[in-house]
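In what follows, a structure is listed as C-alpha cells, so that the remarks can point back to it.
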Amino acid sequence: MKKKLSFVLNDRKITLEVEAQDVLLEVLRDKLGVKSPKCGCDRGDCGSCTVMISGKTVRSCMVLAVEADGQRLTTLEGLMKEGQLTPLQQSFLEHNSFQCGFCAPGVILAATELLERNPKPSGDEIKEAISGNLCRCTGYLPIVEAIANVNNALTPPGRERLGKKVRS
Amino acid sequence: MSELKFVGHDEIRIDGKPKITGAAQFVDDLDFGPGLLYAEIVESPLAHAEIKSIDTGKAEQMPDVVKVVTGKDFPFRFGLYMHDRFVFAQDRVRFVGEQVAAVIARDPVTAKKAAKLVKVRYHELPAILNVEDALKPHPLLIHPDLKSYKHVPWFFPQVNTNIAHWRKVRKGDVEAGFKQADLVFEDTYTVPRYAHCAIETHGAVGHHDYSGRLTVWAASQSPFTQRNLFAEALAPLGLSHKDVRVIAPFVGGGFGGKAGVSMEILAAALATAVQGNPVKILWSRAQEFYNTYQRQGLTAKTKIGVKKDGTIVALEQTLHWDAGAYVEYGANVVNAAGLSATGPYRIPNVKIDSCCVYTNLPPGGPYRGFGYSEFLFGLESHINETAKKLGLDPVEFRRRNAIQEGDPLTYGSKMNPSGLIECIDKAAEAIEWSKKEPSENPKTVRGKGFACFWKAPAMPPNASSTAFIKFNEDGSLNVLVSAMEIGQGFQTVMAQIAAEVLTVPLSKIRVELPDTDRNPYEWQTVASHITWGTGNAVKRAAEDCREQILELVERALGKKREDFYLESETVRSRSEADFALPLRDFAINGIMMKDGTYRGGPIVGRGMFMPEFSSALSDAETSQGGKPNVHYTVGAAAVEIEIDKETGRLRIPRVALAVDVGKAINPGLVRNQVVGGLVQGIATALYEDMRFDAKGRLLNPNFTDYKIPTAMDVPERVIPILVEVAQPDGPYGARGVGEHTMIPAAPMIANAVENALGIRIKSMPITAEKIALAIKHKR
C-alpha cells in the first residue's frame with residue numbers, strides 16, 4: 001500500500017511516496033541519496049543508522065518511513081551550515097577521534113543531541129549518551145575526550161590528553 | 001639527522017574531515033544506477049552433509065529473478081595459502097551457513113524471497129565440531145582430497161587426517177632442558193572462537209562488462225590479493241589479471257576480517273553470470289558472524305622447565321587449532337603462532353607443535369593478533385604461575401628472561417633491536433606495580449596483572465609494497481599506494497613520510513585509496529606491516545622525486561646538485577642564500593631556458609620495497625634454517641582491576657601498555673591504537689562469548705547476544721607508553737604496532753584475576769559469571 005509523505009530533511013522540503021512497510025533508513029539511503037546513516041546490524045543494536053527526528057535521535061533501521069510524516073529530520077549531512085563544521089565536529093577532527101569512521105555519523109548525532117540538552121556533560125554522562133552507538137576501532141575514549149573538550153577545540157593537537165581521565 | 005618536521009608529530013588525520021562530514025564513502029554508499037542487481041545466497045542448514053540435488057525451478061520462475069546459480073556453474077576452488085575453499089559448495093557442505101546457490105534478482109526483497117524457494121536435498125554426515133573428535137584415529141575426513149590441494153611450500157598437510165598443516169619447531173634439546181630444570185610443570189589453556197565485529201559488514205559489487213572486463217568494488221583490506229585470487233579462480237572463464245580490476249573505497253573496520261578473499265569471490269563469480277549488469281552482494285550481520293572468517297579456537301598444552309634462579313631452560317607447546325571448514329588463510333595463523341610460541345623470551349630448548357585442524361565450524365582466519373593473542377593467553381598465564389611457584393615477582397621473572405637483540409629465535413636467526421626491558425619497566429611503573437592496593441570496599445577485591453607480548457608480521461617472504469608520487473601544478477602531491485585505510489590512519493602516516501622527504505605540508509598531500517588499475521601493487525593491508533613496508537616504498541618514491549628534482553635543477557641551471565636541497569616546498573642553494581625555486585614553478589611544466597625551450601616535465605616518483613632477506617624455507621621437522629619473520633615488535637601491559645565478589649563483575653581503574661614502535665611516525669595515532677586495541681582485547685576476556693549448539697549452529701550471531709563493549713564498558717584510564725628503539729630497516733626506524741595493542745589483554749586480565757582472588761581461570765572468556773561461580777566454588 002502506497003502512502004504519500006511530507007517532511008523536512010536537512011532544511012529541504014520532501015514529498016514522496018513510500019510503501020507502508022518501507023523502513024526510514026532505506027528510504028533515506030536508496031530513495032533520497034542520503035548516505036551518512038549506515039546499516040550495521042539492521043536490528044537497532046549498533047546505532048550506525050542514527051538520525052534525528054525533531055531533535056531526538058532514533059535508529060532509522062527501526063523506524064517506518066511513514067512515521068517521519070510531518071516531522072523535521074536531520075542527518076549528519078544537515079549539521080554543517082554553509083560548509084562550516086560545528087564546534088563538535090571541529091573537536092572530533094582535532095582529537096583524531098575516529099578511525100574507520102563508519103560509526104561516526106551516528107556518534108556525532110548522539111553527541112549533538114547530548115550537548116543541546118546538556119552543554120557541560122560529565123564523562124559518565126557522555127559515555128551514557130553514546131552507549132547506544134557501537135564503535136569497534138577506538139575504544140571510545142578519544143570520542144569521549146573530544147565531546148568533553150568541545151569548547152576547547154582550539155587547543156593544538158599536541159597531546160598527552162589520552163590516558164588522562166576526562167572531567168567527571 | 002636534522003630535526004624532523006613532519007615525522008614524529010601529531011598531525012590531524014587527512015581522512016578526518018571526510019569521516020566527520022559524512023563525505024567518506026563505503027562500498028554500500030556507491031551508486032550503480034538502475035541496472036544494479038542484487039544477490040542473495042542459499043545457505044547450508046547443516047554442518048556436514050552431501051548435496052544430493054538442488055532444485056532451482058521455483059525460484060527461477062519468480063518475476064524479477066534474473067538468474068539462479070549453483071556449484072555446477074562455478075566448479076572452482078581458491079584460497080590464499082592453500083586452495084581448499086569453494087566459490088559454491090560442490091558435492092558437500094562443511095559448515096552451517098555455507099553458500100550452496102545464489103539468486104540474482106532486480107531487487108533485494110525478491111532475491112531474498114526467491115532464495116527461500118531453492119530446494120536442496122542433503123544426506124547428513126556426522127559433524128566434527130571440536131578438535132578432539134577431528135584428531136581421533138581413523139576420523140571421518142572433512143577434506144578427503146586434501147593431498148591434491150595446491151599450497152605454499154611452508155605448509156605440511158598430513159594425508160588421511162584432518163590436519164591441514166603441522167608446524168614443528170625443534171630447537172636445542174627439550175628433554176635435556178627439562179632434566180636440568182629445578183621445576184617442570186604443565187597445564188592446558190583453552191581459547192574459544194571470536195568474531196571481528198567491524199561495524200560495516202562485508203559487501204561487494206561485481207560488474208563483468210560486455211568487453212570482458214571484470215570490476216569488483218569491495219570492502220577490502222586486500223585489493224591486489226583479491227584481484228590475483230579472482231583471476232586465478234576464474235581463469236577457466238578466460239579472465240587475465242589485466243582484465244580484473246578491484247576498487248576499494250573506505251572500509252568500515254577490518255581487523256583481519258576483510259583480508260584475503262572470503263565472500264567477495266561471490267561478487268566476482270556472480271558478475272560473470274549476468275554479464276553487462278553490476279550485481280551487489282551485502283552480508284547481513286548474522287552472515288558477517290558465520291561466513292567470513294572467525295578467530296580460530298585453541299587448545300594449548302604448555303610445559304615449562306625453569307631453574308630456581310628463574311631462568312627458563314625449556315618450553316614445550318602443543319597447540320591444537322580449531323581451524324574450521326576451510327583453512328586457506330587460517331593455516332598461516334597456525335604457522336605464524338607455531339614459529340613464535342615461545343613469546344618474547346630467551347629459551348634455549350624448545351619444542352613446538354602447532355596443528356591446524358579441520359572442523360565443521362565456520363572457516364577460521366586472520367584476526368588482529370594472528371594467533372599470538374590466542375597462544376599468549378596460555379603462555380603468559382603459565383609464566384605467571386611459574387613465577388608464583390618459584391616465589392618470584394612475575395614482572396621480575398619476565399625481566400630476567402626477556403629476549404634481547406641478537407638472541408637466537410626459535411628458528412635460528414637473531415632477534416632484532418628490542419626495547420622489551422624498557423617496556424616492562426615502564427608498564428609496571430605506570431600502574432605502581434609494587435604498591436599493594438587493598439580495596440576500601442568489603443564487597444570488592446583488587447588485583448594487578450601483567451603480560452608481555454610480541455608479534456612479527458606473518459607474510460610470504462616476497463610480500464611487496466609499491467608507491468607512486470605524482471606532483472601537481474601547484475606543487476601539491478597525490479600519493480598512490482594500494483594499502484587500505486581501515487581506520488589505523490595509514491594515509492596520514494604515508495603523507496607524513498612523503499612530507500618529510502619533499503618538505504611539502506600535509507595540507508597539500510592526498511593519499512589515494514586503492515584501485516588496482518591506477519595504484520601500484522601492494523600485497524595486503526595486514527600483518528601490521530604497512531607503516532614499515534609501504535612506508536619504505538613511499539619514502540623511496542619521495543626520494544626518487546627529490547632526485548629527479550635535484551637532477552633537473554643541475555641540468556637546467558648548470559650547477560652541481562650537491563649544492564641544492566629542499567626546504568618548505570622550495571629548492572634552495574647552500575652557496576647562494578637568495579636562491580629559491582618553488583616546486584610549483586616547475587613540478588609539471590619544467591624549467592624554461594634562455595632560448596625558450598624547457599627542461600624537465602611532470603615529476604612522478606616510484607618506490608618499491610620487498611624484504612629480500614626473508615625466506616620461509618626451512619627444515620620441515622625443526623623449522624631451522626629460514627628467516628620467515630622480518631622482525632618482532634615487543635611490549636608489555638599492566639592492569640589494575642577491582643572485582644565485585646558477589647557478581648563477579650570487574651572494573652578497570654587503570655591499564656597501561658608500553659610498546660616498542662621503533663619510531664612513532666604519528667604518536668597520537670599510535671596512542672589511539674593502544675586504546676582501541678586494548679579495549680578490543682579486554683572484550684575477548686570479559687564480554688564476548690561465541691556459542692554453538694550441538695549441530696554446529698552459531699547461537700549468537702548478533703550484537704544483542706554477542707556483546708562487544710559500549711562506551712560504558714571501557715577502562716577508566718588507559719596509559720599508552722611509546723618506546724622507540726629504532727628498527728634499522730624501517731622508515732625513520734618505524735616498525736608495526738596495529739595488532740600488538742590487542743594481544744596482551746586477555747592474559748593480563750587473567751593474571752589480575754588470579755592476583756585478586758587466588759583463582760586461576762584457564763579458559764577464556766573470563767566473564768563475570770565465570771568469576772562469580774569460581775568464587776562460589778572456592779568457598
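The values are calculated or read from the model by the stated rules, or taken from the named source; none is laboratory data. Since we're looking at a predicted model, the values are computed, not measured. Positions of Cβ are backbone-derived with ideal geometry, glycine not excepted, and every protein chain shown enters the neighbour counts.
General observations
- Just one of the numbered conditions (1) surrounded by 20 or more Cβ atoms within 10 Å (Cβ to Cβ); (2) assigned to a loop (DSSP other than H, G, I, E, B) is not true of residue B:75: (1).
- Here residue B:571 clears all of (1) surrounded by 13 or more Cβ atoms within 10 Å (Cβ to Cβ); (2) outside any strand (DSSP E or B) except the condition numbered (2).
- The number of residues in the range B:743-779 being charged (D, E, K, R) and assigned to a helix (DSSP H, G or I) comes to 5.
- Residues that are β-branched (Val, Ile, Thr) and assigned to a strand (DSSP E or B) were ranked within the range A:4-44; the one that is nearest to residue A:106 (Cα to Cα) is A:23.
- Exclusive hit being within 29 Å of residue B:152 (Cβ to Cβ), in contact with a strand residue (DSSP E or B) (Cβ under 8 Å, 6 or more places away or on another chain) and not in a helix (DSSP H, G or I), set B:458, B:467, B:451: B:467
For (1) surrounded by fewer than 21 Cβ atoms within 10 Å (Cβ to Cβ); (2) in contact with an Asp or Glu (Cβ under 8 Å, 6 or more places away or on another chain), each residue gets a yes or a no:
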{"position": "B:247", "(1), (2)": "yes, yes"}
{"position": "B:254", "(1), (2)": "no, no"}
{"position": "B:260", "(1), (2)": "no, yes"}
{"position": "B:264", "(1), (2)": "no, no"}
{"position": "B:268", "(1), (2)": "no, no"}
{"position": "B:271", "(1), (2)": "no, no"}
{"position": "B:283", "(1), (2)": "no, no"}
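- Considering the range A:71-122, the residues that are of a type in the set (A, V, I, L, M) and within 8 Å of another protein chain (Cβ to nearest Cβ) include one that is surrounded by the fewest Cβ atoms within 10 Å (Cβ to Cβ), namely A:80.
- Any hit, the range B:16-26, residues being in a strand (DSSP E or B) and either surrounded by fewer than 22 Cβ atoms within 10 Å (Cβ to Cβ) or assigned by TED's automatic domain parsing to the domain that holds residue B:510 (or both): yes
- Any chance residue B:661 is touching a residue at least 12 places away in the same chain (Cβ under 8 Å), within 14 Å of chain A (Cβ to nearest Cβ) and crowded, with 19+ Cβ neighbours inside 10 Å: no
- Residue tally, condition in contact with a strand residue (DSSP E or B) (Cβ under 7 Å, 6 or more places away or on another chain) and either assigned to a loop (DSSP other than H, G, I, E, B) or closer than 20 Å to residue B:770 by Cβ (or both), over the range B:689-705: 3
- Selection within the range B:34-44: residues that are within 28 Å of residue A:101 (Cβ to Cβ) and within 12 Å of chain A (Cβ to nearest Cβ). The member of this set that is surrounded by the fewest Cβ atoms within 10 Å (Cβ to Cβ) is B:36.
- Residue within the range B:163-172 that is surrounded by 14 or more Cβ atoms within 10 Å (Cβ to Cβ) and either on the phi > 0 side of the Ramachandran plot or in the same structural domain as residue B:57 (by TED's automatic domain parsing) (or both) present: yes
- In this structure, residue A:145 does not satisfy being in contact (Cβ under 8 Å) with a residue 40 or more places away in the chain, facing another protein chain (nearest Cβ under 7 Å) and within 17 Å of the chain's Cα centre (by Cα).
- Flag if residue B:177 is more than 22 Å from residue B:708 (Cα to Cα) and either part of a strand (DSSP E or B) or within 14 Å of chain A (Cβ to nearest Cβ) (or both): no
- Within the range B:180-221, the residues that satisfy the criterion of being charged (D, E, K, R) and either within 14 Å of another protein chain (Cβ to nearest Cβ) or assigned to a loop (DSSP other than H, G, I, E, B) (or both) are B:182, B:193, B:200, B:209, B:213.
- For the range B:150-159, the criterion of being within 23 Å of the chain's Cα centre (by Cα), at pLDDT 95 or above and part of a strand (DSSP E or B) is met by at least one residue.
- Selection within the range B:719-762 - of a type outside the set (A, V, I, L, M), over 23 Å from residue B:632 (Cβ atoms) and either within 14 Å of chain A (Cβ to nearest Cβ) or touching a helix residue (DSSP H, G or I) at 6+ places or on another chain (Cβ under 6 Å) (or both): B:760
- Unmet requirement for residue B:762, which otherwise passes all of (1) touching a Phe, Trp or Tyr at 6+ places or on another chain (Cβ under 7 Å); (2) closer than 30 Å to residue B:608 by Cβ: (2)
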